[in-house]
Amino acid sequence: MTLKVYADRMSQPSRAVIIFCKMNGIDYEEIKVHISKGQHLTSEFEEINPMKRLPAITDGRFKLFESHAILIYLACAFPGVADHWYPADVSTRSRIHSVLDWHHSNLRRGAAPYVFNTTIAPVLGRPLNPQAAAEAEPILSSSLSKLESFWLKENGRFLLGGNQPSIADLSLVCEIMQLEVLDEKDRARILGPHKKVQQWIENTRNATSPHFDEVHKVLMKAKEKLQNQRLKAAKNEGGSDMKKALPSRM
Amino acid sequence: MKLKVYADRMSQPSRAVIIFCKVNVIDYEEIKVLISKGQHLTSEFAEINPMKRLPAIVDGRFKLFESHAILIYLACAFPGVADHWYPADVAKRSRIHSVLDWHHSNLRRGADTYVSNATIAPVVGRPLNPQAAAEAETLLSSSLSKLESFWLKDAGRFLLGGNQPSIADLSLVCEIMELEVLDEKDRARFLGPHKKVQRWIENTRSATNPHFDEVHEVCRH
């Protein structure tokens with residue numbers, strides 16, 4: 001029975017798992033569960049993952065959720081996955097665990113609520129929350145600084161001085177890609193100072209081409225839609241200013 | 001060169017690592033870094049862990065932080081650690097990763113934030129924050145419910161239906177032990193409804209005593 005991957009490509013950890021499967025030639029079936037349509041809240045999906053979160057996998061009768069656990073499982077259970085994704089060496093592997101753990105309470109904790117509360121919430125029928133965004137931004141910024149100054153401090157194209165990507169690179173870069181949907185000036189402010197981070201994102205993208213771009217298409221479409229909405233809103237504001245001005249000239 | 005464990009026994013993940021070392025007779029030196037005295041903020045400690053968090057270890061020239069990464073490293077790198085702590089079986093191991101990952105954003109986030117804002121903050125010179133405590137309380141309650149109804153649903157004495165403890169039991173139980181510092185009625189309100197959780201805490205304590213009680217003495221003062 002084939003591996004089933006329950007995913008929403010708008011979800012950062014879902015993308016990491018899909019890209020990993022494609023890169024490693026793992027035979028799988030992608031089952032789209034749309035968060036924006038509440039499909040993760042159905043009782044059918046609850047059978048798959050009682051936490052109602054994405055991604056989740058079933059491999060025969062084995063069910064698993066939490067993307068880092070899934071990535072490790074896939075690296076270990078499927079033949080032909082190159083060692084650099086999840087090295088056998090105990091110390092190298094521990095350092096990967098270390099950054100994956102750090103991610104939960106740092107980059108993920110900053111990036112996800114920041115993007116959600118400034119931009120994505122309405123897509124999921126919820127209001128924007130500037131206060132929550134303001135609380136998340138310092139966590140996001142300091143996490144990017146830590147990536148720049150510590151996790152990418154060694155001479156390597158990837159995290160922890162690696163010259164080949166690991167599951168950690170995939171997980172964290174997919175998280176940062178969510179920033180694509182932000183207002184361009186916010187994105188530039190937040191990401192702009194960090195040259196190593198930007199280089200590393202490019203390295204990861206190249207190393208997982210063409211799958212990286214293909215899997216990120218959904219996000220890029222959302223980005224385009226949001227940009228158009230912003231342009232429209234800016235134009236309308238300009239229009240109503242003119243209307244206000246005309247009467248006073250007359 | 002002996003393994004060095006930088007820890008503060010008031011820190012839940014520090015306790016998990018220390019208990020693990022004692023139960024598995026790992027030869028180590030405990031270096032106390034007191035958070036209440038800001039010792040984790042010194043430039044000396046930043047050399048050990050630039051994130052300025054506890055616990056951290058140094059094994060020869062190898063430095064490591066994040067307690068789950070440390071527990072896994074110790075289970076793999078030191079001889080004589082029984083398989084049940086971190087089973088070699090890929091599926092079992094994955095489920096341990098799953099609960100350890102879930103822990104970060106659920107039990108840990110709820111418990112730590114609630115206890116900090118309801119009680120501990122003044123000890124480390126910060127004001128109490130009732131709004132943060134209220135949000136954390138919801139997360140803590142729902143995490144304890146998920147432990148009761150899902151992680152402990154199989155017929156076993158430990159998480160995921162195990163009959164022997166794993167590193168996940170140690171990590172999560174040490175987190176819940178932090179609730180010992182709360183007012184008795186707050187603690188009863190959180191834990192009271194969850195009989196399986198209470199039994200599991202006792203099972204974990206029995207399986208790792210006398211070290212569990214010895215390491216938790218600081219919580220009782």
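What about A:Val17, is it at pLDDT 95 or above, within 14 Å of chain B (Cβ to nearest Cβ), within 19 Å of A:His216 (Cα to Cα) and buried (at least 17 other Cβ atoms within 10 Å of the Cβ)? Show your work before the answer.
Working: at pLDDT 95 or above: yes; within 14 Å of chain B (Cβ to nearest Cβ): yes; within 19 Å of A:His216 (Cα to Cα): yes; buried (at least 17 other Cβ atoms within 10 Å of the Cβ): yes.
Spelling it out, A:Val17 is indeed at pLDDT 95 or above, within 14 Å of chain B (Cβ to nearest Cβ), within 19 Å of A:His216 (Cα to Cα) and buried (at least 17 other Cβ atoms within 10 Å of the Cβ).
Going by the conditions given, is B:Tyr73 without any contact (Cβ under 8 Å) to a residue 60 or more places away in the chain, crowded, with 18+ Cβ neighbours inside 10 Å and more than 12 Å from every other protein chain (Cβ to nearest Cβ)? Steps first, please.
Numbers: without any contact (Cβ under 8 Å) to a residue 60 or more places away in the chain: yes; crowded, with 18+ Cβ neighbours inside 10 Å: yes; more than 12 Å from every other protein chain (Cβ to nearest Cβ): no.
For B:Tyr73, the condition - without any contact (Cβ under 8 Å) to a residue 60 or more places away in the chain, crowded, with 18+ Cβ neighbours inside 10 Å and more than 12 Å from every other protein chain (Cβ to nearest Cβ) - is not met.
Look through region A:70-90, keep the residues that are of a type in the set (Gly, Ala, Ser) and either under 20 Å from the mean Cα position of the chain (by Cα) or not in a helix (DSSP H, G or I) (or both), and return whichever of them is farthest from A:Cys21 (Cα to Cα).
Let us first name the residues in region A:70-90 that are of a type in the set (Gly, Ala, Ser), namely A:75, A:77, A:80, A:82, A:88.
Right, trim to either under 20 Å from the mean Cα position of the chain (by Cα) or not in a helix (DSSP H, G or I) (or both) and you get A:75, A:80, A:82, A:88.
Working: A:Ala75: 9, A:Gly80: 11, A:Ala82: 12, A:Ala88: 19 Å.
It comes out as A:Ala88.
Go through (1) open to solvent by less than 40 Å² (accessible area, probe 1.4 Å); (2) polar (S, T, N, Q); (3) in a helix (DSSP H, G or I) one by one and return the number of the condition A:Thr118 breaks.
The single condition A:Thr118 does not satisfy is (1).
Look through region A:1-14, keep the residues that are over 22 Å from A:Ser209 (Cβ atoms) and of a type in the set (A, V, I, L, M, F, W, C), and return whichever of them is least open to solvent (accessible area, probe 1.4 Å). Walk me through it before giving the result.
First pass over region A:1-14, keeping only residues over 22 Å from A:Ser209 (Cβ atoms): A:1-4, A:6, A:8.
Next cut, of a type in the set (A, V, I, L, M, F, W, C) only: A:1, A:3.
Working: A:Met1: 184, A:Leu3: 3 Å².
Restricting to residues being over 22 Å from A:Ser209 (Cβ atoms) and of a type in the set (A, V, I, L, M, F, W, C), the top hit is A:Leu3.
When you scan region A:1-45, how many residues do you find that are within 23 Å of A:Leu226 (Cα to Cα) and among the acidic types (Asp, Glu)?
Going through region A:1-45 one residue at a time, the tally reaches 1.
Give the number of residues within region A:1-16 that are in contact with a Lys or Arg (Cβ under 8 Å, 6 or more places away or on another chain) and part of a loop (DSSP other than H, G, I, E, B).
Of the residues in region A:1-16, 2 are in contact with a Lys or Arg (Cβ under 8 Å, 6 or more places away or on another chain) and part of a loop (DSSP other than H, G, I, E, B).
I need the full set of residues from region A:223-242 which are among the hydrophobic types (A, V, I, L, M, F, W, C), open to solvent by 100 Å² or more (accessible area, probe 1.4 Å) and either at pLDDT 90 or above or under 25 Å from the mean Cα position of the chain (by Cα) (or both), in order please. Break it down into steps so the answer makes sense when it comes.
Looking only at region A:223-242, we keep the residues that are among the hydrophobic types (A, V, I, L, M, F, W, C), and these are A:226, A:231, A:233-234, A:242.
Next cut, open to solvent by 100 Å² or more (accessible area, probe 1.4 Å) only: A:231, A:242.
Answer for region A:223-242, where residues must be among the hydrophobic types (A, V, I, L, M, F, W, C), open to solvent by 100 Å² or more (accessible area, probe 1.4 Å) and either at pLDDT 90 or above or under 25 Å from the mean Cα position of the chain (by Cα) (or both): just A:Leu231.
So how many residues does region B:118-146 have that are in contact with a Leu (Cβ under 6 Å, 6 or more places away or on another chain) and within 14 Å of another protein chain (Cβ to nearest Cβ)?
1
If I go through region B:54-70 residue by residue, how many of them are at the interface with chain A (Cβ under 9 Å from one of its Cβ atoms) and not polar (S, T, N, Q)?
Filtering region B:54-70 for residues at the interface with chain A (Cβ under 9 Å from one of its Cβ atoms) gives B:59, B:62, B:64-70.
If we keep only those that are not polar (S, T, N, Q) too, we end up with B:59, B:62, B:64-66, B:68-70.
Number satisfying all stated conditions: 8.
Taking the residues in region A:99-111 that are more than 10 Å from chain B (Cβ to nearest Cβ) and either over 19 Å from A:Ala134 (Cα atoms) or of a type in the set (A, V, I, L, M) (or both) as candidates, determine which candidate is surrounded by the fewest Cβ atoms within 10 Å (Cβ to Cβ). Give the derivation first.
Start the filter on region A:99-111 by keeping residues that are more than 10 Å from chain B (Cβ to nearest Cβ), which leaves A:107, A:110-111.
Still in the running and either over 19 Å from A:Ala134 (Cα atoms) or of a type in the set (A, V, I, L, M) (or both): A:107, A:111.
Details: A:Leu107: 23, A:Ala111: 25.
Once the filter is applied, the top-ranked residue is A:Leu107.
Exactly one of these conditions fails for A:Ala168: (1) within 14 Å of chain B (Cβ to nearest Cβ); (2) without any contact (Cβ under 8 Å) to a residue 24 or more places away in the chain. Give me its number.
(2)
If a residue must be surrounded by 13 or more Cβ atoms within 10 Å (Cβ to Cβ) and outside any loop (DSSP other than H, G, I, E, B), how many such residues does region A:38-67 contain?
Final tally of qualifying residues: 13.
Could you identify the single residue in B:Asn129, B:Asn203, B:Asn209 that is open to solvent by 40 Å² or more (accessible area, probe 1.4 Å) and closer than 18 Å to B:Ala16 by Cα? It would help to see each step written out before you state the result.
Values: B:Asn129 fails: closer than 18 Å to B:Ala16 by Cα; B:Asn203 fails: open to solvent by 40 Å² or more (accessible area, probe 1.4 Å).
Checking each option against the conditions leaves just B:Asn209.
What is the number of the single condition among (1) assigned to a loop (DSSP other than H, G, I, E, B); (2) open to solvent by 30 Å² or more (accessible area, probe 1.4 Å); (3) in contact with a Phe, Trp or Tyr (Cβ under 9 Å, 6 or more places away or on another chain) that A:Arg93 does not meet?
A:Arg93 satisfies every listed condition except (1).
Sort out which residues of region B:20-37 are acidic (Asp, Glu) and either under 24 Å from B:Ser116 (Cβ atoms) or open to solvent by less than 50 Å² (accessible area, probe 1.4 Å) (or both), and write them in order of number. So that I can check it myself, show each step before the final result.
The initial filter retains those residues of region B:20-37 that are acidic (Asp, Glu), namely B:27, B:29-30.
B:Glu30, the sole residue that qualifies.
Does A:Val123 meet the test of being part of a helix (DSSP H, G or I), among the aliphatic types (A, V, I, L, M) and over 29 Å from B:Leu100 (Cβ atoms)?
On the way: part of a helix (DSSP H, G or I): yes; among the aliphatic types (A, V, I, L, M): yes; over 29 Å from B:Leu100 (Cβ atoms): yes.
So A:Val123 passes the test.
Scan region A:142-179 for residues that are in a helix (DSSP H, G or I) and open to solvent by 20 Å² or more (accessible area, probe 1.4 Å) and jot them down. Let's see the steps before the verdict.
Filtering region A:142-179 down to residues in a helix (DSSP H, G or I) leaves A:142-151, A:159-161, A:167-179.
Residues satisfying the conditions are A:Ser142, A:Ser145, A:Lys146, A:Glu148, A:Ser149, A:Phe150, A:Leu160, A:Gly161.
The values are calculated or read from the model by the stated rules, or taken from the named source; none is laboratory data. Not measured: the values here are computed from a predicted model. Note that we place each Cβ from the backbone using ideal geometry, even for glycine, and neighbour counts take in every protein chain shown. SASA here: full protein model, heavy atoms, side chains in, ligands and nucleic acids out. Shrake-Rupley method; radii C 1.70, N 1.55, O 1.52, S 1.80 Å.
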